[in-house]
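The values are calculated or read from the model by the stated rules, or taken from the named source; none is laboratory data. Note that the structure is a prediction, hence the values are computed from the model and not measured. All Cβ positions, glycine included, derive from the backbone under ideal geometry; neighbour counts span all protein chains shown. Each accessible area value is taken on the protein alone, full model and side chains, heavy atoms only, with ligands, DNA and RNA left out. Shrake-Rupley method; radii C 1.70, N 1.55, O 1.52, S 1.80 Å.
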Amino acid sequence: MAQAGRTAGAEAGGTATTPSARAATGAPTLRDVAKAAGVSQSTVSRVLSGAPTTIPIAAATRERVLAAAKRLGYRPNPLARGLTGARTMLLGAIIRDITDPSFPSIIEAVTSEAKVHGYDVVLGHAQGTADEALELWGVLESRHCDAILLLGDLGDQPTLIESLQSTREPVVALWHGSRSTVLPTVNVDNRAAIMRVMEHLVDLGHERIAFVGKRQLGDIVERAAAYEEFTEGQGWRLRPGYLQEAVNEYEGGMEALERLMALPEPPTAVVGATDVLGLGVLHAALQQGLRVPQDLSVTGIDDIPATHIVMPPLTTMRMPVRTMVKAAIDIAIESLGSDPDPNTETHPVFEAELVVRGSTGTPEGTRTGA
């Protein structure tokens, strides 16, 4: 059974405590924060709950309250606040696959950006299945999270999406693919990313360019489609075997390269749909005695930390992770308002950035296959 994880501040002991109980244990109370900030307890409560007020609270007062709460280490009782209808200042995050190396930086960005808004984060790993995600959603809802983020594509699970539509909390999906959905989404422009990396390879002189990663995930499906579109736009025929389906694991990239190099006309460049696949291709190429980039250029997409410490470093498309996470949290928090701004963009799409490293270069002649 999946377990909901947590970051600092989210139910450390698993049992809720009242303000009086906290006072007995020496933990700071609402009264302590009010005294330190020089304001009333009701003002502290309104600032920390984010509840709307008839008379606006001055920015300086709000900052003084938040600073006092942080300095004292004050933690409100989320269960009690959730039952009263006030904000709990908890943000839930359901992660498709926590073993994917691209997610640590995403999680770090989520926790950092949430902290800017005064939120703690409760994490849950869905293991890529709708059943796990639905179970986690129930756990997060029972903890009275104010909003929930879906990290990674679970859009091929219609039951999950349908169920999430009925939740009382705002739900925002990131890296979901641009398929039509009633949920707010924050995505990268996958088509533009592939077009840019393909243009880079063509500018270097490559014509035999393969793609690794076609499978049923929104982002990767879109990248595969963009690869086919670019190939057709160049007037090239799609060579048999050049569009390789692979599981998004290092081994998937390694096995795909073995198949590619066995073709009568092996590629001079390979585009990995993710950095994980690109690194798998790169490792397999070096194992086979190929020189990178002289014999084979390799690229990926994501810009995970490993891309710049391998030899040679991997050329990739860098995701604007922090920008995307900020947009998602802004959408979620905006949705909590009693009168959300109708002009808020609920399906923003962001551009990735080409990062050229040592794994791509001019092809040295042509090769014949085995």
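Quick notes
- If you go through the range 102-111 and pick out every residue that is at pLDDT 90 or above and either charged (D, E, K, R) or open to solvent by less than 40 Å² (accessible area, probe 1.4 Å) (or both), you end up with 6.
- Val271 meets all of the listed conditions (1) crowded, with 18+ Cβ neighbours inside 10 Å; (2) in contact with a Leu (Cβ under 6 Å, 6 or more places away or on another chain) but one, namely (2).
- Annotation note: of Arg62, Arg75, Arg71, the sole residue that is at pLDDT 60 or above and within 29 Å of Ile94 (Cα to Cα) is Arg75.
- Count of residues meeting criterion [of a type in the set (A, V, I, L, M) and surrounded by 24 or more Cβ atoms within 10 Å (Cβ to Cβ)] in the range 184-200: 5
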